[in-house]
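Accompanying notes for the structure given below.
The values are calculated or read from the model by the stated rules, or taken from the named source; none is laboratory data. Just so it is clear, the model here is predicted, and its values are computed rather than measured. Neighbour counts are summed over all protein chains in view; Cβ atoms, including those assigned to glycine, are modelled from backbone coordinates with ideal geometry. Side chains included, ligands, DNA and RNA excluded: accessible areas come from the protein's heavy atoms. Shrake-Rupley method; radii C 1.70, N 1.55, O 1.52, S 1.80 Å.
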Amino acid sequence: MAAAGGPWPTCVLGIDLGTTSVKAALVTGTERGLALAQSCSRETQAHSDSPGAAAQGMEQDVQKIIRALNECLAALPQQQLQQVTHIGISGQMHGVVFWKSDKGCRWSEGGPGPAFEADRVSHLVTWQDGRCSPAFLSSLPLPQSQVSLATGFGCATIFWYSKNSPDFLKAYDAAGTIQDYVVAMLCDLKKPLMSVHNAASWGYFNCRNKSWNTDILKKSGFPVHLLPEVGDPGSVAGRTTCAWHGIPKGAKVGIALGDFQCSVYSCLTERTDAVLNISTSAQLTISMPLGFQPPEAPDPSSAVTYFPYFNGDYLAVAASLNGGNVLAAFVGMVAQWAQELGFQVQESAIYPRIIQAALAQKHSKLSIHPTIFGERHLPELLASVSSIGASELSLGHVSRALCRGLVENLSSMFPVQHLQELGVSRVLGSGTALARNETNEVEKQTLRALQSRHLGGGISGTKFL
């Protein structure tokens, strides 16, 4: 709040370009420190067909993402936007979008200030994309990186285009994550700039020397001119070239960050904490000791990967492809079954029903291994159901077993013994699938049950953020 009759305090604008929604928040400096002034969220509804990749493709319409971003900013108070001096942007990692550097967007006047729309831009090929089969990935050169290559990674997708649709790439001369694209448009960058967060998520990036595996890529015909320049997280990428939505021209724009690292940063305060985040996907993460350096080559069979964090630190993460998207698929299946039986039920009405049904079931022997999207270290291991008894076929039994299975899957990827050896004493829960009012009770009870069942008393507590 502004003092009576006084100006609004200086503001920082934070933006997150997620898999399903765009979020924006204004943070102001007060006498008591930073405070959230306003926030806004919009569903992107950007899913798009992938003609070139058939059913395995997972693409999003960038125009719809930018439209949702513009709607978010238009909903924030103009008086505070005019006080913004710094902009920080994070977003979904691994994915890649291509654009023409001098025609990536169109600026237009309208409303309270100029805004941009996507122009000569491809679809965003997301982290969920499955066009790169295990056979295709095995045909690519081994990266000099601590991160194993997987389908949905930017460099893997670019390799796929170069070998299957080379003419597609000829239309573009720049590439990056969706958050890198937004930073480049705001600052009019001729060459996109990417943080080590996002570079590591693309593959073929050596975190130790902060450089792409250029020699390896060149020998395999990879279009290395599309690789962005790389900088440290926390550095400034440039300044706004227009008064964007009323934000003054010349506001500093930070290099785009990975949403994974930012989700951890928002709640990790002690090195003895682990963070369980369940949003569209899911991660179980710990901070590695000071001075830790990742191995020069990955273990392809390991579910734990090391990603750069801030200030030279690293995170160890079991990153599952299965999280809130599994719950969404389950709800979609229930809705489809109802429709096939002649009933029309909105998915929004199904969520609270299945949660209430699950809460009514205190115990269940039903076991669901919920990996319908596979896992990066085991792409061909899909979901399964076991211990099916005639008395445990209710919606409540299935819903509870599904929620439990999501967390047990993460626990199997990052064994409790490993957490204990690294000194973890508490698990912090975060993410939309935990925080949303209609789902949090089942997820919280599931995590507490896992604590007592799997952690053997070695971890002292849980906390939900």
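Assorted remarks:
- Filtering the stretch 417-445 to residues that are of a type in the set (A, V, I, L, M, F, W, C) and either modelled with pLDDT of 85 or more or under 21 Å from the mean Cα position of the chain (by Cα) (or both) leaves Leu419, Leu422, Val424, Val427, Leu428, Ala433, Leu434, Ala435.
- Matching residues, the stretch 271-307, being charged (D, E, K, R) and at pLDDT 90 or above: Asp273
- Selection within the stretch 248-257: residues that are over 26 Å from the mean Cα position of the chain (by Cα) and not charged (D, E, K, R). The member of this set that is least open to solvent (accessible area, probe 1.4 Å) is Gly250.
- Scanning the stretch 353-369 for residues that are open to solvent by 20 Å² or more (accessible area, probe 1.4 Å) and assigned to a helix (DSSP H, G or I) returns Arg353, Gln356, Ala357, Leu359.
- Pairing each residue of the stretch 389-416 that is in contact (Cβ under 8 Å) with a residue 40 or more places away in the chain with any residue that is part of a helix (DSSP H, G or I) and basic (Lys, Arg), provided the two are 6+ apart or on different chains, yields C-beta distances under 8 Å for Leu395/Arg353.
- Total residues in the stretch 13-29 satisfying the condition of being open to solvent by 60 Å² or more (accessible area, probe 1.4 Å) and under 19 Å from Tyr265 (Cβ atoms): the figure is 1.
- The set of residues in the stretch 35-53 that are touching a residue at least 12 places away in the same chain (Cβ under 8 Å) and not polar (S, T, N, Q) comprises Ala37, Cys40, Arg42, Glu43, Ala46, His47, Gly52, Ala53.
- Ile89 β-branched (Val, Ile, Thr), at pLDDT 90 or above and in a helix (DSSP H, G or I): no
- Considering the stretch 131-148, and only residues there that are open to solvent by 30 Å² or more (accessible area, probe 1.4 Å) and closer than 28 Å to Leu17 by Cα, the residue that is nearest to the chain's Cα centre (by Cα) turns out to be Ser148.
- Residue match in the stretch 370-386 (condition: assigned to a helix (DSSP H, G or I), of a type outside the set (Val, Ile, Thr) and open to solvent by less than 10 Å² (accessible area, probe 1.4 Å)): no
- Count of residues meeting criterion [among the basic types (Lys, Arg) and assigned to a loop (DSSP other than H, G, I, E, B)] in the stretch 244-287: 2
- Count of the stretch 30-64 residues which are hydrophobic (A, V, I, L, M, F, W, C), surrounded by 14 or more Cβ atoms within 10 Å (Cβ to Cβ) and closer than 23 Å to Pro248 by Cα: 2
- Criterion applied to Gly234, Gly291, Gly312, Gly238 was being open to solvent by 40 Å² or more (accessible area, probe 1.4 Å), free of Cβ contacts under 8 Å to residues at least 60 places away in the same chain and either under 24 Å from the mean Cα position of the chain (by Cα) or closer than 25 Å to Val125 by Cα (or both), and the one residue passing it is Gly312.
- Some residue of the stretch 86-96 being open to solvent by 20 Å² or more (accessible area, probe 1.4 Å), under 25 Å from Lys191 (Cα atoms), in contact with a Pro (Cβ under 9 Å, 6 or more places away or on another chain) and touching a residue at least 40 places away in the same chain (Cβ under 8 Å): no
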